[in-house]
Amino acid sequence: MASPLLVLRPGVAPDAATLCSRCFTRLVLRPAGSSRRSFNTTRILQNAQSQTSTLPRILRKAYFSSNGLPASQFSKNGVVQWLRKESQHTDRSPLFHSTAPNIDPQASTATSIGVNSKEIPFQPDEELPHRRRQRLKAEQEASAGNHEIRPDASSRLSTLSSSLPKTSLRRTMATYLALTKPNLSFLIVLTATTAYGLYPIPTLLTLDPSVTPLPTLSTSTLTFLYLSAGTFLSSASANTLNMLFEPQYDARMSRTRNRPLVRKLLSTRAAVLFAALTGTVGITALYMGTNPTVAALSAFNLFLYAFVYTPLKRISVINTWVGAIVGGIPPLMGWTAAAGQTATTGHDSWRDLLFGPDSPGGWLMAAILFAWQFPHFNSLSHTIREEYKNAGYKMLAWTNPARNGRVALRYSILMFPVCAGLWWVGVVDKGFLVGGTLVNCWLAKEAYRFWKQKGAGGSARALFWASVWHLPLLMVGTLVFKKGIWDGVWSRLFGEEEDEDEYDDEFEEDEIKGNNGSSVPAHALLPSRPVS
């Protein structure tokens, strides 16, 4: 006879508590109406019910429901049919699928019904199926969260440079390029140059080319190059200083542990010299190639990022707002560079450039970048919140996760009125309202999921990648729908003719008497300045 296994829970009398699994299976599968004197299943169960008020766990509904028996079949016939079906796949009764205690075979041969035996404690199932599914799902989400955000560009460049020979020029260039955080610096240059190209050309100055207060194509290109190079070098200096101040904290995070200063691919002295050189050259290029106001904005942004934002990360969560201000200044730089180039006088002050009649467009572009920082960074920080916590950085992602989601959603919604403001002040056409609204709806939708699900279910990753694509699409959209670009196209498509007499009264070639009695054309009296 096979080893006896405990059917009823501990506390039942031994004469009714032990039963051979094969015998129990045969009893259950015995055809109805047949009789056997030696075993009576009903009597055994009745004796057990009389000694305990509740059935053992393996005979309750919860056991059968968790192992595949429908709730509608909780009846005597239904249970018997389920047992018969399960017994076809194993030589043991399905009631004994749980872990059973090991019993001495020699002792078990002498054990039979009605003979007292040593009580064997019942061991329940180790893990029910639904519990196992929940555990596997939680483990899958946890493991996926660790691999959502790959190492940043600086870490990847450092890994590349470490695989090259030490005397290689390519290794040296890759190492110094890693100090600049190239992806971040390129994004900053993109926002600055977009604002530069978006600046509207004053209508008064485009009516007559002979006035020539506007820069020529060559000077515009040169200013654009000065703006791009100066902004990139200034950003490189700020990023290098950021790495200089926190290598011990970068070493604690998977995204940053391979940065050049963490891996000691460069000495601290070399990094300091690189930061000083790039910062000096960058600000000088902006001063010489654009105007002093742009250079001052760049110097202030460098100071704010390296000496305020960087140490503030370990002090207060307000660092995220300071970092958003840092991200909003580059578009204002590009706007100011264009404003200084098209100014009607050669000595416009910083108040004229920053708070002049055309300045609202630049501030709205800065507001877009300021608001964009929150859905982008809050989703990224949520993914690696434990690493930020271990490194000692004060981030909303782990100090206040609920507020982290609310802030991301709040500033995603703020994108709608800010983008509409660009159309309101006459920077973009109505087409941008459609395209910008669609892109903003995508970001707001993912931000809502991120807030509602508290970053779970892949919502953090979805918001992060939505923000990554959102900003380039929005920047390109502003340039595509810049005010006045499509006017000539629509007039040709719909057969509309431009009104050539619109400005005749204002700019006709009437002779005006000067002080010496000579005649001069009207447009010669317009102010002009030398092109720098």
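The values are calculated or read from the model by the stated rules, or taken from the named source; none is laboratory data. Quick caveat, the model's predicted, so the values are computed rather than measured. All Cβ positions, glycine included, derive from the backbone under ideal geometry; neighbour counts span all protein chains shown.
Tell me, please, whether a residue that is modelled with pLDDT of 95 or more, surrounded by 14 or more Cβ atoms within 10 Å (Cβ to Cβ) and of a type in the set (Phe, Trp, Tyr) can be found in region 436-445.
yes
When you scan region 307-319, how many residues do you find that are surrounded by fewer than 21 Cβ atoms within 10 Å (Cβ to Cβ) and in a loop (DSSP other than H, G, I, E, B)?
Residues flagged as surrounded by fewer than 21 Cβ atoms within 10 Å (Cβ to Cβ) and in a loop (DSSP other than H, G, I, E, B) within region 307-319 amount to 5.
At least 3 residues that are under 16 Å from LEU443 (Cβ atoms) and either of a type outside the set (Ser, Thr, Tyr) or modelled with pLDDT of 95 or more (or both) in each: list the helices (runs of 4 or more DSSP H) lying fully within region 341-432 that qualify.
Here the list reads 360-383, 401-424.
Can you say whether PRO247 is at pLDDT below 95, out of contact with any helix residue (DSSP H, G or I) (no Cβ under 6 Å at 6 or more places or on another chain) and surrounded by 17 or more Cβ atoms within 10 Å (Cβ to Cβ), as far as the supplied structure shows?
Yes: the conditions hold for PRO247.
Conditions tested, residue by residue: (1) surrounded by 20 or more Cβ atoms within 10 Å (Cβ to Cβ); (2) outside the structural domain of MET475 (by TED's automatic domain parsing); (3) acidic (Asp, Glu).
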position	(1), (2), (3)
VAL322	no, yes, no
ILE329	yes, yes, no
LEU332	yes, yes, no
ALA338	yes, yes, no
ASP352	no, yes, yes
ASN378	yes, no, no
THR383	yes, no, no
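Does any residue in region 426-446 that is closer than 18 Å to HIS376 by Cα and outside the structural domain of SER379 (by TED's automatic domain parsing) come within less than 9 Å, Cβ to Cβ, of a residue that is of a type outside the set (S, T, N, Q) and crowded, with 21+ Cβ neighbours inside 10 Å six or more places away or on a different chain, and which pairs are these?
none
Just need a number here: residues in region 325-341 that are of a type in the set (A, V, I, L, M) and closer than 12 Å to ALA367 by Cβ.
Taking region 325-341 first, the residues of a type in the set (A, V, I, L, M) are 325-326, 329, 332-333, 337-339.
Add one more test, that the residue is closer than 12 Å to ALA367 by Cβ, and what stays is 325, 329, 332.
Summing the residues that are of a type in the set (A, V, I, L, M) and closer than 12 Å to ALA367 by Cβ in region 325-341 gives 3.
Test VAL294 against the criterion of being buried (at least 16 other Cβ atoms within 10 Å of the Cβ), under 30 Å from LYS389 (Cα atoms) and in contact (Cβ under 8 Å) with a residue 60 or more places away in the chain, and give yes or no.
no
Taking VAL322, is it without any contact (Cβ under 8 Å) to a residue 24 or more places away in the chain, β-branched (Val, Ile, Thr) and in a helix (DSSP H, G or I)? Break it down into steps so the answer makes sense when it comes.
On the way: without any contact (Cβ under 8 Å) to a residue 24 or more places away in the chain: yes; β-branched (Val, Ile, Thr): yes; in a helix (DSSP H, G or I): yes.
Considered against the rule, which asks whether it is without any contact (Cβ under 8 Å) to a residue 24 or more places away in the chain, β-branched (Val, Ile, Thr) and in a helix (DSSP H, G or I), VAL322 comes out as yes.
Within region 150-186, how many residues turn out to be among the aliphatic types (A, V, I, L, M) and either in a loop (DSSP other than H, G, I, E, B) or surrounded by fewer than 19 Cβ atoms within 10 Å (Cβ to Cβ) (or both)?
Taking region 150-186 and keeping what is among the aliphatic types (A, V, I, L, M), we get 153, 157, 160, 164, 169, 173-174, 177-179, 184.
The next check asks that each one be either in a loop (DSSP other than H, G, I, E, B) or surrounded by fewer than 19 Cβ atoms within 10 Å (Cβ to Cβ) (or both); those that pass are 153, 160, 164, 169, 173, 184.
Qualifying residue count for the region: 6.
Would you pick out the residues in region 267-306 that are assigned to a helix (DSSP H, G or I), over 33 Å from the mean Cα position of the chain (by Cα) and β-branched (Val, Ile, Thr)?
THR280, VAL281, THR284, THR293
How about region 448-527: which helices (runs of 4 or more DSSP H) wholly inside it have at least 3 residues that are at pLDDT 75 or above, assigned by TED's automatic domain parsing to the domain that holds ARG385 and within 34 Å of the chain's Cα centre (by Cα)?
In region 448-527, the matching helices (runs of 4 or more DSSP H) lie at 459-480.
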